Amino acid sequence: MLSHSIMENRNSNHRISFIISFILLACIILPSCSKTIRFTKSEFIPEARGYVKIGKVKDKKFSIRLRVRNLPGPQKLQPAKSMYVVWMDTENEGVKNIGQLVNSPGLPSNAQEITLKMISSVEPIGFLITAEDSPIGEYPGTQVVLRTRPLK
């Protein structure tokens, strides 16, 4: 009888430990969950789709993972352009050029899906993708192919 009571007590302690561990883990993970924002439908390329996942990482930095599908080569646009450039809108620093969308090595130039990953020290409030002739512009051109709604 005594050994049965000890076993039940141990099982109860294990359940309590498990529940406490689960709650602590949830408290740590949930605040750091990522937000997903979708690009709105494009006037230039209605079949284009995409989203951006934004997560918080340590030291007040943000992980950004952008994924787009169904973008034709920019040379097929009217007017034709050389590349797509991604812009990040920020509350205090305005719109920043964060890079060119490039197909992964080995993918054809008309690949159905392109991904961009980065870490930012500035919190984004929105994104846009423009068709451009140069990857180093300071301001987005007028040919916006995809845009998210502002986060704030």
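Each reported figure results from applying straightforward, stated rules to the coordinates on display, with no laboratory input. Bear in mind the structure is a predicted one, so any value in this text is a computation, not a measurement. All Cβ positions, even for glycine, are placed from backbone atoms using ideal geometry, and neighbour counts span all protein chains on display.
Here are some notes:
- Extreme residue, nearest to residue 43 (Cα to Cα), among residues of region 125-152 that are in contact (Cβ under 8 Å) with a residue 60 or more places away in the chain and loosely packed, with under 13 Cβ neighbours inside 10 Å: 149
- Yes/no for residue 80 being on the phi < 0 side of the Ramachandran plot and touching a residue at least 12 places away in the same chain (Cβ under 8 Å): no
- Filter result (out of contact with any Phe, Trp or Tyr (no Cβ under 8 Å at 6 or more places or on another chain) and assigned to a strand (DSSP E or B)) within region 34-47: 35
- Qualifying residue in region 101-124 (condition: touching an Asp or Glu at 6+ places or on another chain (Cβ under 8 Å) and crowded, with 18+ Cβ neighbours inside 10 Å): yes
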